[in-house]
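Here the structure is laid out as structure tokens; the discussion comes afterwards.
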Amino acid sequence: MKKFIMSALLIGATAAAQAQSTPVYLDESKPIEQRIDDALSRMTLEEKIAVIHAQSKFSSPGVKRLGFPDLWTDDGPHGVRPDVLWDEWEQAGQTNDSCVAFPALTCLAATWNPQLARLYGESLGEEALYRNKNVMLGPGVNIYRTPLGGRNFEYMGEDPWLASRMVVPYVQGLQSKGVAACVKHYALNNDEEYRHQVNVIVSDRALHEIYLPAFKAAVQEGGAWSIMGAYNLYQNQHNCHNATMLNKILKKDWGFDGVVISDWGGCHDTEEAIKNGLDLEFGSWTDGLTMGATNAYDNYYMALPYKKLIKEGKYTTKELDEKVRRVLRLFYRTTMNRHKPYGFLCSDNHYAAALKIAQEGIVLLKNDKNLLPFDLQKTKKILVVGENAIKMMTVGGGSSSLKAQKEILPLDGIKARFADAEVDYARGYVGDTIQSYNGVTVGRSLYETRPQAELTAEAVEKAKQADAVIFIGGLNKSDHQDCEGHDRKSYDLPYAQNEVIEAILKVNPRLVYVNISGNGAALPWINKVPAVVQAWFIGSEAGEAIASVLAGDVNPSGKLPFTWYASLSQCGAHATGSYPGNWREDYKIIDEEYKEGIYVGYRYTDHKGLKPLFAFGHGLSYTTFKVGKATADKQEMTAEGKISLVVPVTNTGKVAGSETVQLYIAAKQSKVDRPVKELKAFQKVYLQPGETRNVTLTIGADAVSYYDETANGWCAEPGTYEVLIGTASDKLPTKYTFKLK
Ligand code: BGC
């Protein structure tokens, strides 16, 4: 017994000695904030300055003396970008950086399925972990303000509620793997063409009701560990060091405790960066930064120039310590987290996730006389037309471009799935024949020299013989065709697509148009084409996903995350003349006033009584659904209370499928202008033929609130509200009225 006590005492003493010798900042039993304080107290001024700016294109240093590893970021948001050289955008030429390309975020939003957003984040997080990346530069949640927006494909559509519900699980899924999300581009980065020049003028109401909610949800509900400032200006100040955006809204009002990272080259001023909330500077192209120069990073705005101002006594280390605290917090959440799960690259599960998201996001826009799914008995000769059937879409488009380990092209997917039919191909038109992007070459040569007349004639000739024609067109991630750095020049489909479609329709009306893009487009022949499918940029499994929908193996259930305008005049930004176009050649600041205010997307078409080509939330299925009468647990709600509505949904058709029940709120009277309706809840439900399920949708007072510009806060006015429930924003048969007390 005595011996036992002695050895217990000895063990206790050793543990205590060990604990004593472990500094607090390394002691995992201590709360993170205490560890941060301790680490901070040990850091020199030089070490502090070092951790708040980059040391290479995508990394920033840790604190080697104290054992904090370097921090590695990478794009984002559709897969983990291949490695570039230390100081240059050129590919590093690694052989172990191919990835799974997940569908673009527009497609994810079109699933209206938050569980898939979680799966997306988790899968991407595992790929990032394997590649030793600590921060993924994404997801993007800028609002789809105009269909010309070059980066809309990287975002989650036009509606703040939909984007909010989808971004939260994406962030949580990613961060559950110990990889930080860097939600971008905060905020008002809705103009790609002039992203460095635009000074956005927007009402507080539109800012808070339309442009900020998804960022706020990502921060407050998703718990995002970092956020990326946008290039553009707001209140004449760059968003990467904008006092209102960062200090006031993000950090003070929302309580953000993470790191504000500049967009690459988005920092322009040392003192503004010091004072206005930027924490970590990346990608600056300052005077001293020439490619490969050894001292380049010392010349960053938040490097030696900052240190100099401290040495001169203009600033104390107050702001610096605050920035370093946040960076250290990010270290503890990522690089210093020793309990992260394992990473996997290109796993079967990741491919399965990419396929599932792609299949659920594809939207069946039109399907006259049930042309789709193809009747395999009658469809023996299929003609595929269009460059997008053979063009890799994981390559191009800007920083989201990937080196995918595999990408099934639409033509190959169709050939594989319809192996019993004769599948022929005609190019139809030639687009921008870009063969490579950022060092990654497209899989198949797109070289083509025949004149357009010959290409059209070939497609028409072959179409005459076909039982069905699948035209795979749309945009293609070349400059001005859904690509970073530029907006589209026109709402029309580019190249000779319309001409070829019209020519084919004259000889074969059994034409399915599959549109690949992140944006809507004018479809002048729409009344003559029986079936239209929106297939986005959907990554590694594109061909398989598209073919599975055309064949009916998968019953489409995607819903549009934006309004598909018939023409640009239906879009508020254009109708009010408040989009600057693509004509400027100088680099002067452009004031861009969002004159349409809160009337973005369906809020504008509703307001003006316009009928778009396809409404927000629209998407057909191979079966039919009926939404029944709503019952509610109460007719009156208090400001703190909630109301739950139950609606029965029945699959009235012959095949199983999913329907998304959408709930919109219409304010019956208000002190201020209110949109005709606003999305406030939704639920996707899978039903067997004949099956009925009750869907419960719950809303609180936030669902009826507007942003009160005089009180600078949200206001839920007592009064009567109508609930509209259905399966698209233009198909809301079920109504319920309640009062807010
Ligand atoms: C883009 C960001 C991207 C960064 C790094 C910038 O030009 O706007 O979205 O994350 O580059 O590639």
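Each reported figure results from applying straightforward, stated rules to the coordinates on display, with no laboratory input. Bear in mind the structure is a predicted one, so any value in this text is a computation, not a measurement. Here Cβ is always computed from backbone atoms with ideal geometry, including for glycine, and neighbour counts include all displayed protein chains.
The alpha-carbon atoms of the stretch 125-274 define a convex hull whose volume equals 109 cubic angstrom per residue.
Per-residue packing, averaged as other Cβ atoms within 10 Å, sorts the ranges 210-218, 146-154 into the order 146-154, 210-218, beginning with the highest. Taking each residue as 0.36 nm, the span from Lys735 to Lys406 lengthens on full extension beyond its C-alpha to C-alpha distance by 113.7 nm. Near Val259, the amide H atoms lying under 5 Å from its own belong to Ser226, Ile227; only residues 5 or more places off or on other chains count, and H is placed 1.01 Å from N.
Annotation for Asp492 and Gln688: the two label points, set 7 Å from Cα along the Cα-Cβ direction, are 5.2 nm apart.
Could you list, in their original order, any pairs among Lys378/Lys506; Lys323/Lys403; Lys654/Lys684 whose Cα atoms are separated by more than 23 Å? Long pairs (Cα-Cα over 23 Å): Lys323/Lys403. Per-peptide packing, taken as the mean over residues of other Cβ atoms within 10 Å, places 616-622, 643-649 in the sequence 616-622, 643-649 from highest down. Rounded to the nearest Hz, the phi-derived 3J(HN,Hα) couplings of the stretch 148-155 under the Karplus curve 6.51 cos²θ - 1.76 cosθ + 1.60 (θ = phi - 60°) are 8, x, x, 10, 3, 4, 8, 10, where x marks glycine and proline.
Can you pull the Kirkwood radius for the stretch 476-582, inverse mean 1/r over Cα pairs, to one decimal in Å? Here the Kirkwood hydrodynamic radius works out to 15.7 Å. If the chain linking Trp714 and Thr244 were pulled fully straight, counting 0.36 nm for each residue of separation and taking away their Cα-Cα distance, it would gain 167.4 nm. Taking Cα centre as origin and charging only the Cβ of basic (Lys, Arg, +1) and acidic (Asp, Glu, -1) residues, the dipole magnitude of the stretch 493-592 rounds to 360 debye. Taking only C-alpha pairs under 8 Å that are 6+ residues apart, what is the relative contact order of the stretch 370-462 in percent? Contact order relative to length: 35 percent. Taking 22 Å as the straight-line reach from the Cα of Lys406, the lysines in range (excluding those fewer than 8 positions away in the same chain) are Lys133, Lys356, Lys391, Lys415, Lys477. Which parts of the stretch 20-36 would a label at Thr44 reach, counting a residue when its backbone N lies under 11 Å from a point 7 Å out along Cα-to-Cβ? Answer for this model: none. Spin-label pair Thr317-Trp254: with each label point 7 Å from Cα along the Cα-Cβ axis, the two points sit 3.0 nm from one another.
Hey, what do the phi angles of the stretch 470-481 turn into as Karplus ³J(HN,Hα) couplings, whole Hz, using 6.51/-1.76/1.60 and θ = phi - 60°, x for Gly and Pro? Per residue, the Karplus-derived 3J(HN,Hα) values read 10, 9, 10, x, x, 9, 8, 6, 6, 3, 6, 10 Hz. Kirkwood radius and radius of gyration were both taken over the C-alpha atoms of the stretch 195-280, and their ratio Rg/Rh is 0.94. Take every pair of alpha-carbon atoms less than 8 Å apart whose residues are at least six positions apart; their mean separation over the length of the stretch 342-424 yields a relative contact order of 32 percent.
The alpha carbons of the stretch 60-140 occupy a box of 47, 29, 20 Å along the principal axes, longest dimension given first.
This model, with +1 at the C-beta of Lys and Arg and -1 at the C-beta of Asp and Glu, gives the stretch 597-642 a dipole about its Cα centre of some 220 debye.
For the stretch 544-624, GluC sites (Glu not before Pro) meeting the loop criterion (DSSP other than H, G, I, E, B) and having at most 16 other Cβ atoms within 10 Å: Glu585.
By how many nm would the segment from Gln465 to Ser176 grow when fully extended, if each residue of separation counts as 0.36 nm and the alpha-carbon distance is taken off?
98.7 nm
Shape class of the chain from the alpha-carbon gyration tensor: prolate, with a/c at 1.5 or above and a/b greater than b/c. Close amide H partners of Cys182, meaning residues 5 or more places away or on another chain with modelled amide H under 5 Å apart, are Met136, Gly138.
In terms of its alpha-carbon gyration tensor, the stretch 679-741 comes out prolate; a/c meets the 1.5 threshold, and the first ratio a/b outweighs b/c. Taking the centroid of alpha carbons for each part, the stretch 164-240 and the stretch 674-741 are 25 Å apart.
Per residue, the average separation of C-alpha pairs within less than 8 Å and at least 6 apart gives the chain a relative contact order of 14 percent. Under the shape rule built on the C-alpha gyration tensor, where the axes satisfy a ≥ b ≥ c, the stretch 540-689 is oblate, since a/c reaches at least 1.5 while a/b does not exceed b/c.
The modelled label-to-label distance between Arg65 and His196, using points 7 Å beyond Cα along the C-beta direction, is 3.7 nm. When the charge dipole of the chain is built from unit charges on Cβ atoms (+1 for Lys and Arg, -1 for Asp and Glu) and taken about the Cα centre, the candidate among Gly619, Val100, Val647 whose Cα reaches farthest toward its positive end is Val647. Computing FRET efficiency as 1/(1 + (r/R0)^6) for Glu585 and Glu454, where r is the C-beta to C-beta distance and R0 is 35 Å, gives about 0.45. Overall, the chain carries a charge dipole of about 2020 debye about its Cα centre when +1 sits on the Cβ of Lys and Arg and -1 on the Cβ of Asp and Glu, all other atoms neutral. The order of the peptides 255-261, 713-719, 389-395 by mean Cβ neighbours within 10 Å, most packed first, is 389-395, 255-261, 713-719. Please list 3J(HN,Hα) in residue order for the stretch 636-651, calculated via the Karplus relation 6.51 cos²θ - 1.76 cosθ + 1.60 where θ = phi - 60°; whole Hz, with x for glycine and proline. Coupling constants for the stretch 636-651: 10, 10, 9, 4, 8, x, 9, 10, 10, 10, 10, 10, x, 10, 10, 7 Hz.
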